[in-house]
Amino acid sequence: MLTCHQVAEGATEYMEGAAPPMRRLGVWAHLRVCRNCREYLRQLSRTIGLARRALVPPPAPEVEDGLAAIFAAQGRPGAAE
Amino acid sequence: MRRNRGGIGVAPQGSYQAGAEEAATLARLRAGDQAAFRTLVRERHGRLLRLAGAFCRNRASAEEVVQETWLAVITGLHGFSGEAPLAAWINGILVNKAKTRAVRDGRMVNFSDLARDEGEGDAFEPERFLPDGHWAEQHRPWDALTPEREAGDRQLLAGVGEALEKLPPAQRAVVLLRDVEGLESPAICKALGISEANLRVLLHRARVKLRDAADRMVRG
Ligand SMILES: [Zn+2]
């Protein structure tokens with residue numbers, strides 16, 4: 001039987017589907033009986049969702065305007081390229 | 001235009017079919033629609049800057065790489081075949097530009113050295129486990145994290161953004177590429193010059209740290 005420590009260390013390998021078959025089986029068996037590890041892996045998984053939605057600062061207005069101006073110039077007939 | 005990805009895996013490459021919304025966006029961009037372009041800039045610019053920051057050693061060069069990326073996107077829109085999501089295509093351009101530039105300027109972050117340094121030892125502090133290998137603490141469910149908060153709690157999502165910025169550079173790079181932007185592992189290994197094993201070790205450490213940060217914030 002794997003320990004919680006082993007399951008926690010191997011959590012990403014397991015979640016990424018990269019664990020060798022016997023290891024995978026061992027983690028699966030542990031998770032069936034260990035609520036604490038199940039909760040931990042669920043939280044790791046939800047963390048990925050949060051990371052995907054993590055906010056970044058919006059572009060400064062002058063940056064957006066500058067890019068929009070380049071876009072407009074490129075779209076005109078006879079523009080470079 | 002953002003695609004939903006179910007679960008933890010990502011859609012296999014080569015089977016991408018643009019949805020109606022994405023196809024409409026692309027058509028508007030190709031027609032020179034200013035509003036569509038501004039929306040794209042608002043959606044992607046900050047994320048591109050964050051991603052460039054993982055490759056570049058300073059803010060100024062990250063900004064230049066992002067600028068070069070936008071120029072390539074603008075000139076390349078008509079040639080883009082739509083065989084990948086628009087965001088993935090733009091990310092690919094950025095990664096190439098960032099690498100080329102960093103190598104040329106001799107400022108390429110050596111991810112394989114970083115992977116060795118950042119991957120040493122255990123991902124967890126020893127006190128988190130009892131001597132018999134059980135957790136020292138009970139993980140209480142994130143009941144306070146409702147789907148509504150998950151999607152729209154700006155304070156929480158900004159906090160997660162700050163936690164991402166605080167990660168060591170190689171861990172930040174892999175979690176941004178894999179979990180945030182959804183690149184496939186082989187593409188990430190190639191871009192960073194690291195092995196799959198390196199990638200998993202770094203990803204694991206990053207996720208463990210982000211989960212701990214999220215745990216504190218969820219319980220507030
Ligand atoms: Zn356990």
Quick one: 3J(HN,Hα) in Hz for region A:38-44, Karplus 6.51/-1.76/1.60 with θ = phi - 60°, rounded, Gly and Pro as x.
4, 5, 4, 5, 5, 5, 4
With label points built 7 Å along Cα→Cβ from the Cα atoms of B:Asn110 and A:Trp28, find their separation and express it in nm.
4.2
Between the helical axis of B:196-219 and the dominant principal axis of chain B, each derived from Cα atoms, what acute angle in degrees is found, rounded to the nearest 10?
80
For chain A, Kirkwood radius (reciprocal of mean inverse C-alpha pair distance, Å):
16.6
Apply the Karplus parameterisation 6.51 cos²θ - 1.76 cosθ + 1.60, with θ equal to phi minus 60°, to every residue of region B:186-193 and state each ³J(HN,Hα) to the nearest whole Hz, in sequence, with x for glycine and proline.
x, 5, 5, 4, 5, 5, 9, x
Relative to the first principal axis of the alpha-carbon coordinates of chain B, what is the inclination of helix B:154-166, with its axis defined by its Cα atoms, in degrees from 0 to 90 and to the nearest 10?
80
Say a paramagnetic label sat at a point 7 Å from the Cα of A:Arg38, along Cα to Cβ; which residues of region B:118-158 have their backbone N under 15 Å from it?
B:139-142
Approximate spin-label separation B:Glu196-A:Ala69, in nm, with each point projected 7 Å along Cα-to-Cβ:
4.9
Using the Kirkwood formula on the Cα atoms of the protein assembly as shown, what hydrodynamic radius do you get, in angstrom to one decimal?
20.7
Using the alpha carbons of region B:15-108, what is the convex hull volume per residue in cubic angstrom, as a whole number?
96
Helix A:61-75: angle to the longest alpha-carbon principal axis of chain A, degrees 0 to 90, nearest 10?
70
Can you list residues whose amide H is under 5 Å from B:Phe129's amide H, if they're 5+ apart or on another chain and H is modeled 1.01 Å from N?
B:Ala136
Full-extension gain between B:Asp122 and B:Arg42, please, as 0.36 nm times their residue separation minus the C-alpha to C-alpha distance.
24.9 nm
What whole-number distance in Å separates the alpha-carbon centres of region B:152-192 and region A:1-68?
12
Residues of region B:190-218 losing 10 Å² or more of accessible surface, assembly versus chain alone, probe 1.4 Å, please list them.
B:Arg200, B:Leu203, B:His204, B:Arg207, B:Val208, B:Leu210, B:Arg211, B:Ala214
Give, in nm to one decimal, the length gained when the segment between B:Ala24 and B:Asp143 is fully stretched (0.36 nm per residue of separation minus the Cα-Cα distance).
39.0 nm
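The values are calculated or read from the model by the stated rules, or taken from the named source; none is laboratory data. Just so you know, these numbers come straight off a predicted model, no measurement behind them. Here Cβ is always computed from backbone atoms with ideal geometry, including for glycine, and neighbour counts include all displayed protein chains. Remember, those area values only see protein heavy atoms, side chains included, never the ligands or the DNA or RNA. Shrake-Rupley method; radii C 1.70, N 1.55, O 1.52, S 1.80 Å.
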